[in-house]
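Inspection log for the structure reproduced underneath, given as structure tokens.
The values are calculated or read from the model by the stated rules, or taken from the named source; none is laboratory data. Please read all numbers here as calculations on a predicted model, not as lab measurements. FYI the Cβ positions are ideal-geometry reconstructions off the backbone, even for glycines, and counts take in every protein chain you see. Please note that ligands, DNA and RNA were not included when accessible areas were found on the heavy atoms of the full protein model with its side chains. Shrake-Rupley method; radii C 1.70, N 1.55, O 1.52, S 1.80 Å.
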Amino acid sequence: MAHTDDPAPGTEPLLAVRDLVVTFPAAARGELVQAVSGVSFTIDAGETLGLVGESGCGKSSVARAVLQLPPPSAGSVRFEGVELTDLDRRRLRALRRRMQPVFQDPVSSLNPRRSVRDIVAEPLAVGRRAVAHRAVAREAGDGRPDVAARRKRAGELLAAVGIDPALGHRRPHQFSGGQCQRIGIARALAGDPRLLICDEPVSALDVSVQAQLLNLFEDLKEQRGLTMLFISHDLSVVRNISDRVAVMYLGTLCEVGETTALYDRPAHPYTRALLDAAPIAPPVAATRHARPVGCTASSSAVHPPSGCRFRTRCPQAQARCAEEVPVLTPIDRGAGAHAVACHFPLGSAQEPV
């Protein structure tokens, strides 16, 4: 299969995912849920890739497969030039410190019996040889960070995400949801990661708190040179934080492109359906696309449709859509690399009248 986002000769993206497949046993004996089917994408250092799609399309399965939690059923995941699927447990654990998750539920992801200072300091104890801890280890004098040094570093991390270090003795239940998510971010930063995998990190929060956390992510990205895979079903959130956006449907990628171009001129009917379904302010409402896509029930991941998986909901599906699986193909949208997996892209000469 050809890939449209292969790096230029002599360069390699920070994260490269190729033909990723994730399957799970279904309730029916002998059947498999095809959660992810042949997904490929890259993320360059310092870039934020937004991954959007409706619930159940496989976004979180992609995130877990990248982290090897568990490893994918098939495909390649290369991080910093290293193939993760070939690593043994020890080497994978050492490299995983460089790629950290930020979870969707900020409260349940924190240990309720420990202080937030100890929660943030825990990765410092687990990953003693991580780059971020070398200076701390030297303070201890024996190459191992002691408790006082770890707690000092934890206080610095809490301050970096906007939590008063003086409150580090408190338990998670004594903080709001937004504060708990800040604590979770501080814990993720403890290993000095290069890549953050954020799985719906603001979906459980109020809109005003969401804005604050998005600003925090942007600040951390600039200050620490972070790269992010940002997963969300909220199109407005993804637009505000992403450099590029990948649209996912029923385990496959429909469209990948620069954020503004994808939002202003979607090429896949499913991308347009998502944008038409998103609530928008009245001054922008006049720019809605004509011919919105109907929102019928999605197909099953156990028995996906032949050909294009979106064809059972697509108003412009043709006979070819049932016979051939569309692959991501470059198209011209006037801003960076843009690719769509559709036989009849919107705005093209192939689009049915």
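Worth pointing out:
- Taking all pairs of distinct alpha-carbon atoms in the stretch 20-61, Kirkwood radius in angstrom: 12.2 Å
- In terms of its alpha-carbon gyration tensor, the stretch 169-216 comes out oblate; a/c meets the 1.5 threshold, while b/c is at least as large as a/b.
- The modelled label-to-label distance for the pair R113/H303, using points 7 Å beyond Cα in the direction of Cβ, is 4.7 nm.
- Alpha-carbon Rg/Rh ratio, for the stretch 1-114, with Rh computed the Kirkwood way: 0.99
- Within the stretch 156-200, backbone nitrogen closer than 17 Å to the virtual label 7 Å beyond the Cα of D219 toward Cβ: 156-167, 178-190
- Taking each residue as 0.36 nm, the span from E156 to R29 lengthens on full extension beyond its C-alpha to C-alpha distance by 40.6 nm.
- Sites A125 and Q318, calculated FRET efficiency, Cβ-Cβ separation with R0 56 Å, nearest 0.05: 0.45
- Residue-span extension gain [S236 to T329] - 0.36 nm each, minus C-alpha spacing: 30.9 nm
- Only protein heavy atoms count here; under a 1.4 Å probe, M228 has an accessible surface of about 0 Å².
- Where the stretch 202-256 is the region considered: accessible area per residue in Å², 1.4 Å probe: 38 Å²
- R171-S76 FRET efficiency (beta carbon distance; Förster radius 45 Å; 0.05 resolution): 0.60
- In the stretch 302-346 the Cα-Cα distances spread across 10 Å bins starting at 0 as 27, 47, 22, 3 percent of all pairs.
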